[in-house]
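Enquirer: The structure follows.
The values are calculated or read from the model by the stated rules, or taken from the named source; none is laboratory data. Predicted, not measured: the structure shown is a model, and the values here were computed from it. With ideal geometry, Cβ positions are generated from the backbone for all residues, glycine too; neighbour counts draw on all protein chains shown.
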Amino acid sequence: MFERLTAQGKSVSVSFTFEGEAVEAREGDTLAAALLAAGVTSFRETPVSGAARAPYCMMGVCFDCLVEIDGVPNRQACMLLVAEGMAVRIQRGARGLG
């Protein structure tokens, strides 16, 4: 569905995990772009129905790209750059208050 444009010059590879599986990305990619390029189609599940959601606006407005990063929930994947060693998980339901 998504295809990368040809990189200008040398691109540095960054490795992280999504749901325990290794993913390779380019340095400077947003997390959402890297996951979409890797074929990930579901980033979170809604709190009420459990429906799968994925990025929509890619600019931080819609909050459909929320994921859990290194144990911290409610992170917007479209607003964060990938970093070496990130552990990313699907956000399931609503964040707890306590």
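Enquirer: Kindly evaluate Met58 against the criterion of being on the phi > 0 side of the Ramachandran plot and surrounded by 14 or more Cβ atoms within 10 Å (Cβ to Cβ).
Expert: Spelling it out, Met58 is indeed on the phi > 0 side of the Ramachandran plot and surrounded by 14 or more Cβ atoms within 10 Å (Cβ to Cβ).
Enquirer: Now for a different question. Look through region 72-89, keep the residues that are surrounded by fewer than 16 Cβ atoms within 10 Å (Cβ to Cβ) and at pLDDT 95 or above, and return whichever of them is farthest from Gly28 (Cα to Cα).
Expert: Only one residue tops the list, namely Ala87.
Enquirer: Now a separate question. Among the strands (runs of 3 or more DSSP E) confined wholly to region 27-98, which include 3 or more residues that are more than 26 Å from Ser11 (Cα to Cα)?
Expert: Here the list reads 72-76, 87-92.
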